[in-house]
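No lab work stands behind these numbers, since they all come straight from the coordinates. Being a predicted model, the structure only gives us computed values, none of them experimental. With ideal geometry, Cβ positions are generated from the backbone for all residues, glycine too; neighbour counts draw on all protein chains shown.
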Amino acid sequence: MGDKILKTATKDKVDSTLEYLLASLKSPASKRTYEVSFRRFLRFTGMKNGQQILDTSHKKLTELVIGFVLQLAKEVNPNTVPTILATVRSFLEIHDIDLKWKKIKKFYPEQVKLSGQNAYSTEQVQKMLSVTKKLQHKALIHFHSSTACRSGAICDVQTNRPLCIGDLRDMPHGCQQVRVYTDTIKEYITFLTPEAVTALELSFKQRRTKGEILTDESPVFVTIHGTPMEPFDVKQIMKRIVNEANVRGQMKNGRYPIQLMHGFRKRWNTIMKLNNDVNDNAIEKMMGHENGLDGTYLQITEERLFEEFYKGITDLTIDSAARDQIKIRELEKKAIPNEQEIFEKIMPQVRKELGLEKITPEIVDTLSKEQLQNLVKNFVAN
């Protein structure tokens, strides 16, 4: 009984000192990151709760923090050390403890040049899809491959608003428009390929069979508990998938050649920019960049953006069979002559039919609808 009371008291002390820090943060994702980093520091010190840290002398605390920096330098990427230490500093400062951080920072490891600038290949994305059977996880892979969205698009950490079904809108050719960061200054639109739309619909259908009533306000992606998925959840899911698929290559300087989520964004950007028919400024707009390559504000209609997106849809499509079907449809579309081509080609037949050497718009107007239809039928038949 006494041990139970002691454990409860210890937990309360950890919670009370840490909660004071967490209460000052707005983003749920930031709260989670700070808590993980703080508990890592707590384990390093060997102390049981935050209050013991606060009761430690400035001199001893400085020694502990420097020791923590040196330990982190052996365990994590050098560029991550300042981020973790920011939590420790925030914890101490919010409790009115100010250490000599200028001195402490001298022990920070030298920053390394960022790696991880490569893109996922289509084959690597196919492999990711093959290692997961969960429909929502497949939809998540397709969503990021098709839209180039950052993981923050799933749930805006600043407003705590998730991407909702109402943010999706049907478009031609089986595609959908996605409105990202709705009603904020960051708002922009991007699009889903037909296969990505299908993957989402299968995920929605599964949620409905489990009794969930989906509305425009329902989150597009949810956790196993039915709560809106957050960027942290997305990254945890994708980390498991890419590790199982083994598609990120060998780690160098603490980083993989392909960044976990940015690899999708890099793939999308590369595909679109290698397509000479796609407008570069439209690409920037669909990636959420407010200013184009020339630094000017972009004014491009949603219809024009979709036209530019559709130009790259074949290479953006993951499934080989689906990609072939798109190519076939495009070839069939090119093979069907438009009205102007038909009109120009039936003119010789019109002249022959009427016994005239020259055709004017006035003469064409005198032809009955039945006569024109017969001429077109004869042209198509031949």
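Return the FRET efficiency for the residue pair Ser24, Asn243: r is the Cβ-Cβ distance, R0 is 35 Å, and the value is rounded to the nearest 0.05.
Values: r = 34 Å, r/R0 = 0.97.
In this case the efficiency is close to 0.55.
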- Pick out, in residue order, every one of the trypsin sites (Lys or Arg not before Pro) in the range 108-159 that is DSSP loop and has at most 12 other C-beta atoms within 10 Å; say none if there are none. Lys113, Lys133
- Would you mind ranking Ser90, Ser130 so that the residue whose beta carbon has the fewest other beta carbons within 10 Å leads the list? Ser130, Ser90
- Magnitude of the Cβ-charge dipole of the range 131-271, K/R +1 and D/E -1, about the Cα centre, nearest 20 debye? 760
- Inter-part distance where the range 168-188 and the range 73-115 are each reduced to a Cα centre, Å: 39
- Query: Of Lys100/Lys235; Lys138/Lys235; Lys26/Lys205; Lys60/Lys252, which pairs sit farther than 23 Å apart, going by alpha carbon to alpha carbon?
  - Reply: Lys100/Lys235; Lys26/Lys205; Lys60/Lys252
- Note on the structure: Exposure-ranked with fewest Cβ neighbours within 10 Å first, Arg43, Arg255 stand as Arg43, Arg255
- Cβ-based exposure ranking for Arg267, Arg240, in which fewest neighbours within 10 Å come first: Arg240, Arg267
